[in-house]
Amino acid sequence: MSSNLVILTGAGISAESGLGTFRDPDGLWARFDWRELATPEAFAAKPEEVHAFYNARRAGLKTSTPNAAHHALVELEKAWIARGGEFLLVTQNVDDLHDKAGSERLVHMHGELSKMRCEHCGYVHDAFDEITTDLPCLNCRRAGGLRPHIVWFGEMPMEMDLIFDQLGSCDLFVAIGTSGTVYPAAGFSQVAKEAGARCIEINLETTDTSPVFDEVRNGQATQSVPAWVAEMVG
Ligand code: APR
């Protein structure tokens with residue numbers, strides 16, 4: 001078993017939990033214009049409309065549950081660490097399914113729907129079900145500054161130092177359920193490869209970044225991820 005494993009997940013791992021992806025034909029960005037809802041400029045111009053979009057997505061978390069792929073990654077994390085390995089799960093997803101499944105060494109590089117941040121004091125806390133611009137921050141008590149704790153297009157993803165540290169020293173990098181179209185995440189496989197890691201892509205279908213990977217496994221995540229974990233845990 002390799003010692004340092006980094007896993008990157010995308011919307012495809014949550015698809016079978018009923019949460020949509022972004023770029024599939026019925027994906028979120030096929031139904032909504034991200035330029036109008038997922039940029040700092042959009043929020044500055046129409047905060048209530050952006051809040052309504054994220055409030056609706058947040059409501060969807062209440063009824064979604066982790067699937068076999070999420071649970072398999074928790075099993076792998078436990079086995080990997082028990083054998084003295086380093087493990088980091090980097091998700092692009094803003095849903096809380098990895099958290100609900102019990103993943104611990106987990107970073108949400110694009111933020112979390114279940115959290116909100118105050119633009120006045122920077123405080124991050126559990127999101128209200130319905131965030132509106134008039135609500136006061138629970139920390140500084142000022143109103144008008146609450147926003148979704150989400151990384152919008154044009155903003156810097158979170159935990160990048162930790163992620164690049166781990167990518168630079170990993171032996172195995174596995175991308176699961178991501179189209180490999182949004183950077184910097186889409187470039188992680190190249191960074192890992194240049195660090196000498198073996199790279200595996202697990203996805204419903206091949207992607208533009210598939211050629212970078214040493215191995216590509218296609219299929220539904222709830223089938224392919226548990227099968228791969230079973231091999232890894234042996
Ligand atoms: N099992 C495995 N893979 C699946 C499944 C499934 N059941 N269903 C869909 N997929 C794959 C699709 O084939 C696609 O390659 O998941 C991928 C989803 O791609 P995107 O919709 O582009 O989602 P993602 O790669 O996570 O997007 C990255 O873009 O809009 C931003 O911030 C947003 O985090 C997101 C980022």
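The values are calculated or read from the model by the stated rules, or taken from the named source; none is laboratory data. These numbers were taken from a predicted model, which means no experiment stands behind them. All Cβ positions, even for glycine, are placed from backbone atoms using ideal geometry, and neighbour counts span all protein chains on display. Note: accessible area is taken over every heavy atom of the protein model, side chains too, but ligands, DNA and RNA are not part of it. Shrake-Rupley method; radii C 1.70, N 1.55, O 1.52, S 1.80 Å.
Short version: ³J(HN,Hα) in whole Hz for each residue of segment 159-171, in order, from phi by Karplus 6.51 cos²θ - 1.76 cosθ + 1.60 (θ = phi - 60°), x for Gly and Pro, what are they?
Each residue's phi maps through the Karplus curve to give 6, 5, 4, 4, 4, 5, 4, 5, 5, x, 10, 8, 9 Hz.
Got a sec to turn the phi values of segment 99-107 into Karplus ³J(HN,Hα) couplings, 6.51 cos²θ - 1.76 cosθ + 1.60 with θ = phi - 60°, whole Hz, x for Gly and Pro?
My calculation for segment 99-107 gives 5, 4, 6, x, 4, 10, 7, 10, 10 Hz in order.
Relative contact order for segment 4-233: what percent, with Cα pairs under 8 Å and sequence separation of 6 or more? Don't skip to the answer; put the middle values down first.
Working: 436 pairs, mean separation 53.9, N = 230.
Value for segment 4-233: 23 percent.
Whenever you get a sec, compute what percent of the accessible area on the chain sits on carbon and sulfur atoms (1.4 Å probe).
On the way: 5420 of 10570 Å².
About 51 percent, which is the carbon plus sulfur part of the accessible surface.
Using only alpha carbon pairs under 8 Å that are at least six residues apart, calculate the relative contact order of segment 1-42 and give it in whole percent.
Values: 21 pairs, mean separation 7.3, N = 42.
Once divided by the residue count of segment 1-42, the mean separation gives 17 percent.
Could you list, in their original order, any pairs among Lys115/Lys193; Lys46/Lys115; Lys62/Lys115 whose Cα atoms are separated by more than 25 Å? Please list the in-between numbers first.
Numbers: Lys115/Lys193 33 Å; Lys46/Lys115 20 Å; Lys62/Lys115 14 Å.
Table pairs above 25 Å Cα-Cα are Lys115/Lys193.
Looking at segment 4-233, what % of its DSSP beta bridges pair antiparallel, to the nearest 5? Kindly include the intermediate steps, with their values, before the conclusion.
On the way: 8 of 31 bridges.
Antiparallel bridges make up about 25 percent of those DSSP assigns within segment 4-233.
Can you give the net charge of the other residues whose Cβ lies under 13 Å from the Cβ of Lys100, counting K and R as +1 and D and E as -1?
On the way: positive: Lys62; negative: Asp95, Asp96, Asp99, Glu104, Glu112.
For residues surrounding Lys100, the net value is -4.
When the Cα atoms of the chain are enclosed in a convex hull and the volume is divided per residue, what value in Å³ results?
Values: hull volume 27.6 nm³, N = 234.
Dividing the Cα hull volume of the chain by its residues yields 118 Å³.
Would you mind telling me the antiparallel percentage of the DSSP bridges in segment 1-134, rounded to 5?
On the way: 3 of 12 bridges.
Of all bridge pairs located within segment 1-134, approximately 25 percent are antiparallel.
What does the charge count around His125 come to, taking other residues whose C-beta lies under 9 Å from its C-beta (Lys +1, Arg +1, Asp -1, Glu -1)?
On the way: positive: Lys115, Arg117; negative: Asp126.
My count for the surroundings of His125 gives +1.
For a quick size check, give me the Cα extents of segment 72-114 along its three principal axes, largest first, whole Å.
Projected onto its principal axes, the Cα set of segment 72-114 covers 33, 16, 12 Å.
Excluding Glu36 itself, calculate the net charge of residues whose Cβ lies under 14 Å from the Cβ of Glu36, where each Lys or Arg counts +1 and each Asp or Glu counts -1. All intermediate terms of the calculation are to be shown ahead of the outcome.
Values: positive: Arg31, Arg35, Lys46; negative: Asp33, Glu41, Glu48, Glu49.
Charge balance near Glu36 sits at -1.
To the nearest 20 Debye, how big is the dipole of the chain about its Cα centre, given +1 on the beta carbon of each Lys and Arg and -1 on that of each Asp and Glu? Display every interim value, and only then the final one.
Details: 19 positive and 33 negative charges, 68 e Å.
I would put it at about 320 debye.
Per the helix-only calculation at 222 nm, which mean residue ellipticity applies to the chain, given -39500 (n - 2.57) for every DSSP H run of n ≥ 4 and division by its residues, nearest 500 deg cm²/dmol?
Working: 9 runs with 77 residues, N = 234.
Calculated mean residue ellipticity at 222 nm is -9000 deg cm²/dmol.
Just name one of Leu113, Met160, Pro226: the one whose Cα is farthest towards the positive end of the charge dipole of segment 4-233 (beta-carbon charges, Lys/Arg +1, Asp/Glu -1).
Leu113
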